Structure formats: structure tokens, C-alpha cells
Amino acid sequence: MADQLLTDITRFRRSPLARLHDRMTAASVTGARDVALREIPFLNMVGIRVRPGSAAAEALAAVAEVPLPAAHGAVTGDPDGVAVVWQGPDEFLLVSQDETVVPLELTETADREPGALISLSTHPLTTQLCRALAGHQESGQVVDLSANRTTLELSGHCARAVLEKGCHLDLHPRVFEVGTAVSTTLGPVQVILWRTAERTWRIMPRASFAEYVAHWLMDAMTEFASSEVP
Amino acid sequence: MLLIECPNCGPRDETEYHYGGEAHVPYPEDPSQLSDKEWAEYLFYRSNPKGLLAERWAHTTGCRRWFNVLRDTVTYEIKAVYAIGEPRPALQADPPQHPRGGTR
């Protein structure tokens, strides 16, 4: 019986923008005014709510091996590894690479009380974070939010110009440095906007808004395929 | 569009915020003892001043935190931003600058 249980669940999942993959590739512009759009699907995201400076916060930072960011806009860690984005005075979003391991507890067929498992997450780091928080009296949250948002990556010389069509924040590098992430609106949609490199931005809309944001960006990118009007 | 200074995130467009009505309206000590009239006054009656109004705002698309704002309802000028739970800051009493009648 046990050998019939599915442990590889990754082939059943579908990213919110899988359908638009080819259109996003086709909309990307090369040349002097280059700008490219792609989805980075299935990044692991963990919502963390904990009071900074508390023992629980330190325990979570030790498990993540990344300190919690201190203020608005700050990101700690590495976008290609484990990074933590500031979301509020006691709220953080941990972003890390996709990794799916179905925990043994989830494949057991034994009856179980609801809430008996420490986490239903299939990401090992998320489960570790849950365990680290559970050892503390302090109230806090570690929630697997991987399905909440998807990630778009906009890159190229004209990426900032594309974003400036719909984001009222000052995105100039003297204000919005590499390694800054803020929660704001792009057009009418709430997104997390994260500058991961000089010309590379991550845009993280909620999954149900992702298609709209992708279309919005592709529309905003259209003009850069033509030569500049002096 | 108003530019509102979020205590956590700095100045952002008004459209990033959610309005929460007048601040410092205390919840009744014992709501079950109120008459219908008193309950309705707690729920629906607000000071609606022409001038400074303390009101609550939430930065819904940013840090998602509530805070208080002292805003002039005539000029829309934001005089102060302060945390939930803090008392309303006492500003120097501005002489009334608004002509009687206002806009009609």
C-alpha cells in the first residue's frame, strides 16, 4: 500500500503564468533598448511574523542563516539563495529557492488529530522554521505562502522605464538601491517590487493578479521594440 | 491626490491607503447597557468638523498597519501623523483662516 503513495507532487502543479511563457518571451526586446520579462515560478515564500529582537526572532534567523531586515525597504540575504524581505515592523517574507520534499508525516496513512502536524509545508526550510518557532513561548507565525504570489523578473536597460509607467515611487538608483524591496502598487495592483540587480527587478503580484500584471508589463514594453522618438 | 506619510514606509499615494473614519471614538464600556439611541450615536454619529479632524488610515498595499492622521478637512493638509494608541497631538491653535460659508 505504502509504495502506491505519491511522493513526487511537483508534476501536478502549474505556475500562474505558465500559459503566458511563450508570449512573455516573444514580448521581450533586444538591442540598445532591451527589456525582458519572464516568470520565476515556484519560489518558496514564508510569511514570518515575530517581534524583532526577541528570542524567537533570533531562532528563526539562525535557522534561515539570514538576519531579519531592520527597516522599510531592506532585504537581507541573497535573492538566489535565501532572502528575507521587510514587510512591516513585525512582518517579514522569506524567499528561497524551490525545493519539494513531502515530509514522512504527510504520507502516513494513520489517522491524525487536526493540527497534530507542526506544518503542512512541503519545503524543508519552512518546516524547520516552524519547529524553531514552536520552541518559544513568544507568539509568532510561520506560514507557507508560496502559492500566494508568483514572481516576474523584468530585466534590461529599459526595465526601470517600463516600471515608471505605473509605479509612483522614485525608482532612480540614488533612492531605490539594488537590494531594496517595497510593497507598493504597479498600475492598480498591489505588488512587492524588489530590485535584485542594477537592471533586474522582481515583481511579485498575488497569483490571481499575475496574468493581469504580465499583460500590463508586456503592453508597457511594446514601445521599446521601436526606435526612440526624439 | 493626497501624499500621505506612512510612519513605516514614508510618503505614498493616497490610493495605497484605506480610510478608517474618525479616530479616538471609544468603544462603550458596557454596550449592552446602551439604549438604541446611544448605540446608534456610537455607531454612526461623528464630529464632522470643518477644520482639523483626527482620523485613522491603514497602509493597505504597503506595511498594512493602521495609524492616525490629523487632517484639515478644508485644505486637506495633513498636520500630523502619529501611532495608534497615542493621544491626539496638540497643535498650536490656528486662527480660523477659512471664510465663512466655504464652497457651495
Study note, to complete from the structure: Protection proxy (average C-beta count within 10 Å per residue), highest first, orders B:2-11, B:32-41, A:190-199 as A:190-199, B:2-11, B:32-41
Check your understanding: Taking both sides together, what accessible area is buried at the A/B interface, probe 1.4 Å, expressed in Å² and rounded to the nearest 100?
Key -> 1000
Check your understanding: Roughly to the nearest percent, how much of the accessible area of segment A:105-195 is carbon and sulfur, given a 1.4 Å probe?
Key -> 49
Check your understanding: When the dipole is taken about the Cα centre of chain B, and only Lys, Arg (+1) and Asp, Glu (-1) are charged at their Cβ, what size is it in debye, to the nearest 20?
Key -> 300
Study note, to complete from the structure: For A:LYS165, the lysines lying under 18 Å Cα to Cα, once residues fewer than eight places off in the same chain are dropped, come out as none
Check your understanding: Counting only other chains, what is the mean number of Cβ atoms within 10 angstrom of the Cβ of each residue in peptide B:61-70?
Key -> 3
Practice item. With a 4.7 Å Cβ cut-off, tell me which Cys residues in chain B come up empty for a partner. Key: B:CYS63
Revision key, fill the gap. Within the set A:SER146, A:SER121, A:SER54, GNM on chain A using Cα springs under 10 Å gives the largest fluctuation to A:SER54
Review point. Using a 1.4 angstrom probe on protein heavy atoms only, which residues from segment A:175-200 are buried by at least 10 Å² of accessible area when all chains are present rather than their own chain alone?
Key: A:SER183, A:THR184, A:THR185, A:GLN190
Review point. In what order, largest first, do B:MET1, A:MET204 sit by accessible area if the probe radius is 1.4 Å?
Key: B:MET1, A:MET204
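Work out the length of the dipole vector of the protein assembly as shown about its Cα centre, built from +1 on the beta-carbon of each Lys and Arg and -1 on the beta-carbon of each Asp and Glu, and round it to the nearest 20 debye.
For this selection, approximately 860 debye.
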**Study point:** In Å², nearest 10: area of A:PHE42 left accessible to a 1.4 Å probe
**Key:** 70
Review point. Using a cut-off of 14 Å between alpha-carbon atoms, which aspartates and glutamates can reach B:LYS50, once sequence neighbours fewer than 8 places away in the same chain are excluded?
Key: B:GLU22, B:ASP72, B:GLU77, B:ASP94
Practice item. Can you give me the three principal axis dimensions of segment A:52-103 from its C-alpha atoms, in Å, biggest first? Key: 32, 23, 15
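After finding the eigenvalues of the alpha carbon gyration tensor for the protein assembly as shown, what semi-axes result from the square roots of 5 times each, listed largest first in whole Å? Present the calculation step by step, with values, prior to reporting the outcome.
Details: eigenvalues 323, 199, 68 Å².
Square roots of five times the eigenvalues give 40, 32, 18 Å.
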Practice item. Using the Karplus curve 6.51 cos²θ - 1.76 cosθ + 1.60 with θ = phi - 60°, work out ³J(HN,Hα) for each residue of segment A:178-195 in order, rounded to whole Hz, and write x for Gly and Pro. Key: 4, x, 10, 9, 10, 9, 8, 10, 10, x, x, 9, 6, 9, 9, 10, 9, 8
Check your understanding: Can you give the calculated 222 nm mean residue ellipticity of the protein assembly as shown, where each DSSP H run of n ≥ 4 adds -39,500 (n - 2.57) and the sum is split over every residue, rounded to the nearest 500 deg cm²/dmol?
Key -> -5000 deg cm²/dmol
Check your understanding: Charges only on Cβ, +1 for Lys and Arg, -1 for Asp and Glu: so what's the dipole of segment A:151-201 about the Cα centre, in debye to the nearest 20?
Key -> 60
Check your understanding: Taking only the alpha-carbon atoms of segment A:43-147, what semi-axes of the equivalent ellipsoid follow from 5 times the gyration tensor eigenvalues under a square root, in whole Å, largest first?
Key -> 24, 16, 10
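Dividing the alpha-carbon radius of gyration of segment A:116-175 by 2.2 N^0.38 Å (N being the number of residues), what value is obtained?
1.80
On average over all directions, what projected area in square nanometres does segment A:72-230 have, based on the convex hull of its Cα atoms? Write out the running numbers ahead of the final one.
Details: hull surface 48.2 nm².
Its Cα hull, projected and averaged over all orientations, spans 12.1 nm².
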Point to revise | Probe 1.4 Å, accessible area per residue of segment A:43-147, Å² | key: 49
Check your understanding: What Kirkwood radius, in Å to one decimal, follows from the Cα pairs of chain B?
Key -> 15.4
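The values are calculated or read from the model by the stated rules, or taken from the named source; none is laboratory data. In this text, all values refer to a predicted model and were calculated from it rather than measured experimentally. Using ideal geometry, Cβ is built from the backbone for each residue, glycine included, and neighbour counts are taken over all protein chains shown. Each accessible area value is taken on the protein alone, full model and side chains, heavy atoms only, with ligands, DNA and RNA left out. Shrake-Rupley method; radii C 1.70, N 1.55, O 1.52, S 1.80 Å.
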